[in-house]
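Below is one structure; the comments refer to it alone.
The values are calculated or read from the model by the stated rules, or taken from the named source; none is laboratory data. If you're wondering where the values come from, they're calculated on a predicted model, not measured in any experiment. Because the Cβ atoms are built from the backbone with ideal geometry, glycine has one as well, and the counts that use them run over all protein chains shown. Surface areas here come from the heavy atoms of the whole protein model, side chains and all, with no ligands, DNA or RNA. Shrake-Rupley method; radii C 1.70, N 1.55, O 1.52, S 1.80 Å.
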Amino acid sequence: MRVLVLNTGSSSVKYEVFATRDDGLASLASGLVEGIGEEAGASHLTPADATRRTDTVRVDDHDAALGLVVDALAGSHLDEGLAAVGHRVVHGGEAFAEPTVLTDAVVERLDDLSPLAPLHNPPAVAGIRVARERWADLPHVAVFDTAFHQTLPPTAYRYAVPEDWYRDHGVRRFGFHGTSHRCVAGLAATALGRPLADLKLITLHLGNGASACAIDDGRSVDTSMGLSPLAGLVMGTRSGDLDPGVVFHLVRAGMSVDEVERTLNRASGLLGVGGSNDVRRLREAAAAGDDAARLALDVMARRVRAYVGAYLAELGGLDAVVFTAGIGEHDPATRAAVIEPLAHLGLVLDPAANAAADAADGPVRISPVGTAPAVLVIATAEEATIAADTLAVMDGAR
């Protein structure tokens, strides 16, 4: 039995095909269609046992992108035995607390949630609609980034705003990257040789989008993103935490609400401060004496440290800090900038282990053996988690 996982973004479609095995799920191939709506696009397919294949092609819209996915799967016979399609959906609101079979009514409800995640939900919904047409005979399941955070207590998810804002407009903290936080928390428990229910963890999903999560007894008890994915840590193009008065100040100065929203989502964060949303470029620029690049990196690390400290206080103890996602897994300098200034909280880094860490083959400990809390680098496996959730839903339906 095979499961296709789709992660549809504004300008790309990531996908991966998994097959069920006696010992779990095995990835057969992963792919990427990028450059949707741009002058130059490309379709990449990487079979598990072969080298990456790339075709340069114009990709006009999501329908064309899904067509390329269909062609790539058929050309490699990966669509044979396909039993279901799992979709990553960023925002499920309060309505969706678990993986859900996609129906017309569910898709319409997801469309209604798009204003809460303007960068993510609209392309995801567009991709879902196209995929349901192209694979109309297969069940489709949505797996939500927000679902893991449904365990937040009211003290964590409620904002100090009027009750009717929450009741009538849904103004509350939802949190995102839940699939990733849930995935690496489970892997951390395995790496530490302890039940997840016994652990207090801080997981740091650091990529172009970034969030922190406090996990106690396997449950999310606090997280940095809020009503939308704009809150919290400094991200590639998103500002993270911001005084709400800034919005009023800029609107009164003549900027439109749409312009402020676009800038905070697409032109802020590392890009806004340092001129690039690529940490590698910022490090090269900082090494060459670019003060703006250095400032961007320092602001990012300081914000992460602040959340680690806050969550340590909230958890009342800590067994491990876990780094994951693109920056968290691949940038030793960011990990050092977060952990080394926190030695007074008991967090210690092994510089050699940090520099050499490669989580591709499994979790890596970058704190000295015998010290606590542990500091781990773990590769997130969101697609595999979505595939497993999709199969679980289908088993339940059957």
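When the residues of segment 234-258 are filtered to those that are part of a helix (DSSP H, G or I) and in contact with a helix residue (DSSP H, G or I) (Cβ under 8 Å, 6 or more places away or on another chain), the one that is most open to solvent (accessible area, probe 1.4 Å) is VAL257.
Select from segment 328-337 the residues that are closer than 15 Å to ARG302 by Cα and surrounded by 19 or more Cβ atoms within 10 Å (Cβ to Cβ) and list them in ascending order.
GLY328, THR334, ARG335
For segment 326-353, name all the residues that are free of Cβ contacts under 8 Å to residues at least 12 places away in the same chain and charged (D, E, K, R). The answer is GLU340, and nothing else.
The rows are residues; the columns are (1) without any contact (Cβ under 8 Å) to a residue 24 or more places away in the chain; (2) hydrophobic (A, V, I, L, M, F, W, C); (3) farther than 22 Å from ARG303 by Cα.
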residue	(1), (2), (3)
TYR157	yes, no, no
HIS169	yes, no, yes
HIS177	no, no, no
LEU199	no, yes, yes
ALA210	no, yes, no
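Regarding VAL304, is this residue under 19 Å from the mean Cα position of the chain (by Cα), within 20 Å of LEU199 (Cα to Cα) and touching a residue at least 12 places away in the same chain (Cβ under 8 Å)? No, not satisfied. What do you reckon, is ASP137 without any contact (Cβ under 8 Å) to a residue 60 or more places away in the chain, open to solvent by 30 Å² or more (accessible area, probe 1.4 Å), under 21 Å from ALA388 (Cα atoms) and over 14 Å from the mean Cα position of the chain (by Cα)? Considered against the rule, which asks whether it is without any contact (Cβ under 8 Å) to a residue 60 or more places away in the chain, open to solvent by 30 Å² or more (accessible area, probe 1.4 Å), under 21 Å from ALA388 (Cα atoms) and over 14 Å from the mean Cα position of the chain (by Cα), ASP137 comes out as yes. Tell me, please, whether a residue that is modelled with pLDDT of 95 or more, of a type in the set (A, V, I, L, M) and either more than 22 Å from the chain's Cα centre (by Cα) or crowded, with 17+ Cβ neighbours inside 10 Å (or both) can be found in segment 157-170. Yes - at least one qualifying residue is present in segment 157-170.
Restricted to segment 90-196, the set of helices (runs of 4 or more DSSP H) holding at least 2 residues that are touching a Pro at 6+ places or on another chain (Cβ under 7 Å) comprises 178-192. Which of the residues belonging to segment 338-383 are surrounded by 19 or more Cβ atoms within 10 Å (Cβ to Cβ), outside any loop (DSSP other than H, G, I, E, B) and either at positive phi or under 19 Å from the mean Cα position of the chain (by Cα) (or both)? Correct list: ALA359, LEU376, VAL377, GLU382, GLU383. Scanning segment 200-226 for residues that are out of contact with any helix residue (DSSP H, G or I) (no Cβ under 6 Å at 6 or more places or on another chain) and not in a strand (DSSP E or B) yields ASN208, GLY209, MET225, GLY226. A search for C-beta distances below 8 Å between a residue of segment 249-273 that is of a type in the set (Ser, Thr, Tyr) and any residue that is in a helix (DSSP H, G or I), counting only pairs 6+ apart in sequence or on different chains, returns THR263/GLY272. Can you tell me which condition GLU284 does not meet? The list is (1) surrounded by fewer than 15 Cβ atoms within 10 Å (Cβ to Cβ); (2) part of a helix (DSSP H, G or I); (3) in contact with a strand residue (DSSP E or B) (Cβ under 8 Å, 6 or more places away or on another chain), and all the others hold. Against the list (1) surrounded by fewer than 15 Cβ atoms within 10 Å (Cβ to Cβ); (2) part of a helix (DSSP H, G or I); (3) in contact with a strand residue (DSSP E or B) (Cβ under 8 Å, 6 or more places away or on another chain), GLU284 comes up short only on (3).
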